[in-house]
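Structure first, commentary second.
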Amino acid sequence: MKRTLCVLTGTAILASMLCGAAVTAAAEEPVEISFWSLAQRKDFEDEIIAAYMEENPNVTITPTYYSTDDIKANLKVAASSNTLPDMWYNWGGSLASYYPENGLTYDFTEYAKENGWEEKYLGSALELCTLEGQLCGIPQSIAMMAVWYRQDIFDQYGIEVPKTFEELEAACATLKENGVTPFATGGQFGWHVMRYIQDLLEYYAGAEEHDALGLMQSDWSSQEAVTKTFEKYKEWSDKGYFNEGFITEDPNDCRMYLYNGTCAMIIDSPTMAQQIVGAEQDPALYSYFAFPSETNEDGTGRMAAYVKMTQVNANVTDAQLAAITDFWSYYYDSERNAAFGSIEQPIALKGAELPESYALAEGIMELMDACGIYTQTDQALPAEVADQLFAAQDGIALGEIAPADAGTTVQNGIVTYQAENQ
Amino acid sequence: MSRRTKKICFYTALTLLALIWLLPVVTVFITALKSQADFYSGESLFSVPEVWKWNNFADAWVKGRLGMYMRNGLIICFMKVPLGILVESLAAFAITRLKVKMKNGIFIFFLLGMMLPHQMALIPLNRFFSQFGLINNYGGLFLVYIGFGIGYGILVMRGFMRTIPRELDEAAYIDGCAEGRLYWNIILPITKPAIATVFIIDFLNTWNEFLLQSILVTDDALRTVPNGLISFMGEYGTNYGLLNAGVLISIVPVLLVYLVFQNYFVEGMAGAVKQ
Amino acid sequence: MKKKKWKPYLFILPAFVIFSAVVVIPTVYSLYLSFFSWKGVGAKEFVGLKNYINLFTVDPVFLTALRNNLIWIVLNVVFTVSVSLLLAVALSKSFKGRVVYRAIFYIPYMLSLVVVGVIWKWMYNPNMGFINEIFDVAGLGGLKQNWLSTPKIALYCVFIAALWQGVGQPMVLFLAGLQTIPVSLTEAARIDGAGSVKAFFYITLPMLKETFVIVLATLIIAAMKVYDIIKVMTGGGPINATETLASYMYSQTFSYSNFGKGSAIASVMLLMMVFIIVPYVMYTARDE
């Protein structure tokens, strides 16, 4: 087992520190930092970087922006030709673990202890940034999956927010009877449909067993919960609970079915709040609830979550490291950073408040604290195993793979992966 | 059938086909004029925009920084394409008209360049380029683009040069022409249609090239058009209005190059080949 | 006389030098990598032919991808060639508005494949797409499909989008090729009483031999390398039904970090193209 999620325990009894208090960017010698980020952040990140460099004239940050696919591939190319930048944006889980696994990222474990990160960052964020036993990045934002729904449609058919799994199914049945497709999803890359699978798995397997499956410690081919999950998914798919042709729908486009009222629910992260505004929809029609997978006493379940982080090159100098941490403190300081409202939320700092652009997602941090989290499946599983799960999802919906055999498909992927990565 | 009915049939068939071909392009135009709310209303792609958002074009231009990217693209294309054609035509000339051993071997060797999946070249190229300080250097980028374009250029020009009658060369040699002058004064002018073809297609490929550039050029001020368009395709959603407006703006130069050169090669050729 | 022997090679030299530096070295490096197990960083482990053997024996996707590429080659050779040739012949005649028509068929080729994929994904959308709408309007609602989600037809649906985009390039090549056919030849045939169809098959087609080499080589290579449009429209799905060698190589290399296996796939692609194209080129060049 290569991937271990080290759980950070206990709260350090330290004097509370303010953001960035530990960092002094006193060094006057020039510091240069290269930074790879995402294209759609260019607008506000250019602005933040310029403002930061104005305040810290000795620091030069040179950003390069890539599309979501290119940054993944180009980081691999850079890693294999030894040209990684000083810091780079990354998702969590199996996308990020490649770098600590190969000793390419700075391990913040000690640094975090010395600088009181436990006081500063959300425990769940630090947990998700800890891969291969290393704290391998600076947490940025955390995404947790909730069911977003159209309040007006629920009201119209007298549907209450479901508190149990049974109620959820009843709600789906009512919606379908009235010609509304319950769920919107887009299976083109697999991971969006997976959001339904993982919550079903949480419901059928329970927290402990689900984690064991995610860590590949439990055999997917022999678990009854896995079969039940796939059977339920098949049932929903056959009943038309997902939008027509969802298997190759683009996950970013499937929100449209919520916007135009053909679908009533979607499992999505808090960025949904910003998307609704960006797509010029009426925010008053939308709200969210935790998927009722009943792992908690009140009927809610743990929420799938993943983190976004900044990974730092293992070879940075002390001066670069100081400037990098100082820059990110600045980045997430709503007082100093004028572009704060544009950055992705919710950020991973304790006690941070959502900006106005995320008004719809208000309360989601509290909900997450109450529900607890588990690692999103495609970040828990290695990419090639996750791809087998995605193929199984397609196969079940199309009737080419029996739900009872799908666990074996995934398990075969695990066996192949483990053989290749001894 | 009379000449007239034949003509009518010909026009009708062609126009019908052209309309089918244009349909998807029409959706690009309509979408370019829609607001986000309008697009997501779930109406047909062909539904007329509720509000005609001409602003999308201005927004795409500013947000996508298309001005800067298009200028860079033009610099790269107008330097790389002629340079590439020169190199390719010299080689094609040698393997079709001069005494060279293993002509087909050499030709196939160059064709391999077209066959290599570009992704596989990224790692070694990136390694060599960063060692020699060629990252963010147009000189380095030209080399790579020319290298990857050589296969295609030689393929096209070899084909055309092979159709030029041998008698021309013999006459030239008798007149005391050396190889260099035969190439420059006689063969190259006759190859104009091929040159125009390569120019059009190579210009387009270079204009849209993204993969190699994204790894070899990390300085935004040096990047080209595709970089402007990707910023409309975000992690969570695509702004289709801006994307389509951006696409329409960005094809203007390629369309102009096409119109200029296609006209040139068609008319310019009329007399040249008649023996 | 001595001078002449090496002088011709001077013409090839610039191409040779640049080509070797940026194409040959990466190719050789890629071939070399295909014999190793390598995660991109750290030690490479020599595994001989294991990567290749695994691809053909145990790999669940490789053979599907290979088959899809072969299908794509056939589709390209049959449909893209015939449609573009037909268009070129029609548009080489001199008539009013010729330039406009030529531009119309070439415009799709100016769009990058990513954009083409986005457009056609919307055309095929089962809920608001144009194609299902047409069937509705025509009263053929029963023929409506989830075009891209049906494994048996998904690949062909993607090909139609690629065909729409792709005819422009061979059309331009054929147009240029048709220019090199002396008008006197076809006219002479007409005077001899040959119909225009006959003249086309006996005069025009043989005269286009060189253009065909160019077009076929280009299309076969493009078919082996098809990637972007698949990625945008289906992402290789459903159940890997539209996976191609290039998309699978990309996953192996950049998603799974199996650089050796990715290189092996690239090498298989390269070898297949060589096996298909070289005999054809040799055959057409035999009269020299």
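The values are calculated or read from the model by the stated rules, or taken from the named source; none is laboratory data. These figures come from a predicted structure and were not determined experimentally. With ideal geometry, Cβ positions are generated from the backbone for all residues, glycine too; neighbour counts draw on all protein chains shown.
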Is one or more of the residues making up the range A:337-345 out of contact with any helix residue (DSSP H, G or I) (no Cβ under 8 Å at 6 or more places or on another chain) and either in a helix (DSSP H, G or I) or in contact (Cβ under 8 Å) with a residue 24 or more places away in the chain (or both)?
yes
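Can you name the helices (runs of 4 or more DSSP H) wholly within the range B:212-275 that have at least 3 residues being assigned by TED's automatic domain parsing to the domain that holds B:TYR138 and modelled with pLDDT under 90?
Details: elements: B:225-230, B:240-250, B:252-269.
Helices (runs of 4 or more DSSP H) meeting the threshold: B:225-230, B:252-269.
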Is it fair to say B:GLU235 is surrounded by fewer than 23 Cβ atoms within 10 Å (Cβ to Cβ), among the acidic types (Asp, Glu), free of Cβ contacts under 8 Å to residues at least 24 places away in the same chain and in contact with a Ser or Thr (Cβ under 7 Å, 6 or more places away or on another chain)?
yes
Tally the residues that are buried (at least 21 other Cβ atoms within 10 Å of the Cβ) and either among the polar types (S, T, N, Q) or farther than 17 Å from A:SER34 by Cα (or both), restricting the search to the range A:71-80.
2
Filter the range B:116-125 for residues that are of a type in the set (A, V, I, L, M, F, W, C) and at the interface with chain C (Cβ under 7 Å from one of its Cβ atoms); which is surrounded by the fewest Cβ atoms within 10 Å (Cβ to Cβ)?
B:LEU116
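Does C:ARG67 meet the test of being without any contact (Cβ under 8 Å) to a residue 24 or more places away in the chain, more than 8 Å from every other protein chain (Cβ to nearest Cβ) and within 15 Å of the chain's Cα centre (by Cα)? Give the steps one after another, and end with the answer.
On the way: without any contact (Cβ under 8 Å) to a residue 24 or more places away in the chain: yes; more than 8 Å from every other protein chain (Cβ to nearest Cβ): yes; within 15 Å of the chain's Cα centre (by Cα): yes.
Yes, satisfied.
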Filtered residues of the range A:351-398 (kept if in a loop (DSSP other than H, G, I, E, B), touching a Ser or Thr at 6+ places or on another chain (Cβ under 8 Å) and within 17 Å of A:GLN274 (Cβ to Cβ)):
A:ALA352, A:GLU353, A:PRO355
Here are A:SER67, A:SER94: which of them is away from chain B (no Cβ under 13 Å), more than 19 Å from A:ASN313 (Cβ to Cβ) and crowded, with 20+ Cβ neighbours inside 10 Å?
A:SER94
Of the residues in the range A:172-197, those that are part of a helix (DSSP H, G or I) and touching a residue at least 40 places away in the same chain (Cβ under 8 Å) number 10
For the range A:48-65, pairs from a residue that is more than 14 Å from A:TRP88 (Cα to Cα) to a residue that is small (Gly, Ala, Ser) and part of a helix (DSSP H, G or I), with Cβ under 6 Å and 6 or more apart or across chains, are A:VAL59/A:ALA323
For A:ALA323, only one of the following conditions fails: (1) part of a helix (DSSP H, G or I); (2) in contact with a Phe, Trp or Tyr (Cβ under 7 Å, 6 or more places away or on another chain); (3) not assigned by TED's automatic domain parsing to the domain that holds A:TRP236. What is its number?
(2)
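Given the options B:GLY113, B:GLY42, name the one that is facing another protein chain (nearest Cβ under 9 Å) and under 24 Å from A:ARG255 (Cα atoms).
Values: B:GLY113 fails: under 24 Å from A:ARG255 (Cα atoms).
Going through B:GLY113, B:GLY42 in turn, just one is facing another protein chain (nearest Cβ under 9 Å) and under 24 Å from A:ARG255 (Cα atoms): B:GLY42.
Is it the case that the range B:164-173 has a residue that's among the small types (Gly, Ala, Ser), in the same structural domain as B:LEU122 (by TED's automatic domain parsing) and either at pLDDT 90 or above or in contact with an Asp or Glu (Cβ under 6 Å, 6 or more places away or on another chain) (or both)? So that I can check it myself, show each step before the final result.
Let us first name the residues in the range B:164-173 that are among the small types (Gly, Ala, Ser), namely B:171-172.
Now restrict to residues that are in the same structural domain as B:LEU122 (by TED's automatic domain parsing): B:171-172.
Right, trim to either at pLDDT 90 or above or in contact with an Asp or Glu (Cβ under 6 Å, 6 or more places away or on another chain) (or both) and you get none.
Checking the range B:164-173: not a single residue is among the small types (Gly, Ala, Ser), in the same structural domain as B:LEU122 (by TED's automatic domain parsing) and either at pLDDT 90 or above or in contact with an Asp or Glu (Cβ under 6 Å, 6 or more places away or on another chain) (or both).
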Can you pull out every residue in the range C:192-212 that is part of a helix (DSSP H, G or I), in contact with a helix residue (DSSP H, G or I) (Cβ under 9 Å, 6 or more places away or on another chain) and either surrounded by fewer than 18 Cβ atoms within 10 Å (Cβ to Cβ) or not small (Gly, Ala, Ser) (or both)?
C:SER196, C:LYS198, C:PHE200, C:TYR202, C:ILE203, C:THR204, C:LEU205, C:MET207, C:LYS209, C:GLU210, C:THR211, C:PHE212
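Has the range B:39-48 got any residue that is touching a residue at least 24 places away in the same chain (Cβ under 8 Å) and either under 30 Å from C:ASN127 (Cβ atoms) or assigned by TED's automatic domain parsing to the domain that holds B:VAL252 (or both)?
Keep residues of the range B:39-48 that are touching a residue at least 24 places away in the same chain (Cβ under 8 Å), which gives B:39.
Still in the list and also either under 30 Å from C:ASN127 (Cβ atoms) or assigned by TED's automatic domain parsing to the domain that holds B:VAL252 (or both): B:39.
Within the range B:39-48, one or more residues are touching a residue at least 24 places away in the same chain (Cβ under 8 Å) and either under 30 Å from C:ASN127 (Cβ atoms) or assigned by TED's automatic domain parsing to the domain that holds B:VAL252 (or both).
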Checking the structure you have, find out if any residue of the range B:21-38 is buried (at least 21 other Cβ atoms within 10 Å of the Cβ), in a loop (DSSP other than H, G, I, E, B) and at pLDDT below 85.
no
Pick from the range A:378-390, criterion in contact (Cβ under 8 Å) with a residue 60 or more places away in the chain and at the interface with chain C (Cβ under 8 Å from one of its Cβ atoms), ranking: surrounded by the fewest Cβ atoms within 10 Å (Cβ to Cβ):
A:ALA383
Selection over the range C:7-53 where residues are part of a helix (DSSP H, G or I) and either facing another protein chain (nearest Cβ under 8 Å) or hydrophobic (A, V, I, L, M, F, W, C) (or both) yields a count of 26
Test A:TYR204 against the criterion of being within 27 Å of A:LEU128 (Cα to Cα) and hydroxyl-bearing (Ser, Thr, Tyr), and give yes or no.
yes
Do we have A:PRO382 as at pLDDT 95 or above and not aliphatic (A, V, I, L, M) here?
no
Only one of B:PHE132, B:PHE128 is within 25 Å of B:ILE76 (Cα to Cα) and at the interface with another protein chain (Cβ under 8 Å from one of its Cβ atoms); which?
B:PHE128
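Right, B:PHE210: surrounded by fewer than 23 Cβ atoms within 10 Å (Cβ to Cβ) and away from chain A (no Cβ under 14 Å) or not? First the steps, then the outcome.
On the way: surrounded by fewer than 23 Cβ atoms within 10 Å (Cβ to Cβ): yes; away from chain A (no Cβ under 14 Å): no.
Considered against the rule, which asks whether it is surrounded by fewer than 23 Cβ atoms within 10 Å (Cβ to Cβ) and away from chain A (no Cβ under 14 Å), B:PHE210 comes out as no.
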Among the helices (runs of 4 or more DSSP H) confined wholly to the range B:52-135, which include 1 or more residues that are within 30 Å of C:LYS7 (Cβ to Cβ)?
B:66-97, B:103-115
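Tell me the residue from A:GLY240, A:GLY186 that is within 21 Å of C:SER149 (Cα to Cα), among the small types (Gly, Ala, Ser) and touching a strand residue (DSSP E or B) at 6+ places or on another chain (Cβ under 9 Å), please. Spell out how you get there, then give the answer.
Values: A:GLY186 fails: touching a strand residue (DSSP E or B) at 6+ places or on another chain (Cβ under 9 Å).
That would be A:GLY240, the only listed residue that is within 21 Å of C:SER149 (Cα to Cα), among the small types (Gly, Ala, Ser) and touching a strand residue (DSSP E or B) at 6+ places or on another chain (Cβ under 9 Å).
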